[in-house]
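Trainee: Below you will find the structure I want to go over with you.
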Amino acid sequence: CALPGSTTGRLTKLWLCIPRFHGEGYQEGLAEGSHAGMAEGRRHGALHGARMGSEIGCYLGFALTWHCLLQKCTDPKNSKKLRALDSLIGMIQKFPYEDPTYDKLQEDLEKIRGKFKQVCSMLNIQSDFRLGNERSSLTF
């Protein structure tokens, strides 16, 4: 906005420029905020996705190891434990890792956690997996 002319004329023109500057500032702020929000969203998603993957991977490794150990025993009590482990393994294998938009993601994860706790109870194992000191413990 050029401001030639008298003081009153310049103030009037300045007053007329305010909406333009306000609009430009809004657009710049919106673009910058959108960019920052996308970057923060990616970081947040990657962090929580990694945590979820680590948790599910731990469950799968646990289930496969115990399944292998129990298959070698001939104790008839193991069949119920093996069925529960098979169920947990099946739930984990059907979990939609690749689809973050899956609408029942949290619900299915809670079912896996519940089945894991059930299996731990059947095996008389604590389900919190505390390793090392309290700060660096691995818990889900």
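Trainee: Mind listing just one residue for me: the one in region 33-59 that is closer than 24 Å to V119 by Cα, of a type in the set (G, A, S) and open to solvent by less than 50 Å² (accessible area, probe 1.4 Å) and, of those, nearest to the chain's Cα centre (by Cα)?
Mentor: Residue satisfying both the conditions and the ranking: G53.
Trainee: Among all residue pairs at least 6 apart or on different chains, which show Cβ distances below 6 Å where the first residue, located in region 97-113, is in a loop (DSSP other than H, G, I, E, B) and the second is surrounded by 11 or more Cβ atoms within 10 Å (Cβ to Cβ) and of a type outside the set (S, T, N, Q)?
Mentor: Y102/P96
Trainee: Checking F62 against (1) in contact (Cβ under 8 Å) with a residue 40 or more places away in the chain; (2) within 14 Å of V119 (Cα to Cα); (3) open to solvent by 30 Å² or more (accessible area, probe 1.4 Å), which test does it fail?
Mentor: (3)
Trainee: Has region 15-32 got any residue that is surrounded by 14 or more Cβ atoms within 10 Å (Cβ to Cβ), without any contact (Cβ under 8 Å) to a residue 24 or more places away in the chain and within 33 Å of the chain's Cα centre (by Cα)?
Mentor: Checked region 15-32: no residue is surrounded by 14 or more Cβ atoms within 10 Å (Cβ to Cβ), without any contact (Cβ under 8 Å) to a residue 24 or more places away in the chain and within 33 Å of the chain's Cα centre (by Cα).
Trainee: Also: For region 66-76, does any single residue satisfy the condition of being among the polar types (S, T, N, Q), touching a residue at least 12 places away in the same chain (Cβ under 8 Å) and in a helix (DSSP H, G or I)?
Mentor: no
The values are calculated or read from the model by the stated rules, or taken from the named source; none is laboratory data. The model shown is predicted, which means the values in this text are computed figures rather than measured ones. When we count neighbours, we look across all protein chains shown, and the Cβ atoms used for this are built from the backbone with ideal geometry, even at glycine. Note: accessible area is taken over every heavy atom of the protein model, side chains too, but ligands, DNA and RNA are not part of it. Shrake-Rupley method; radii C 1.70, N 1.55, O 1.52, S 1.80 Å.
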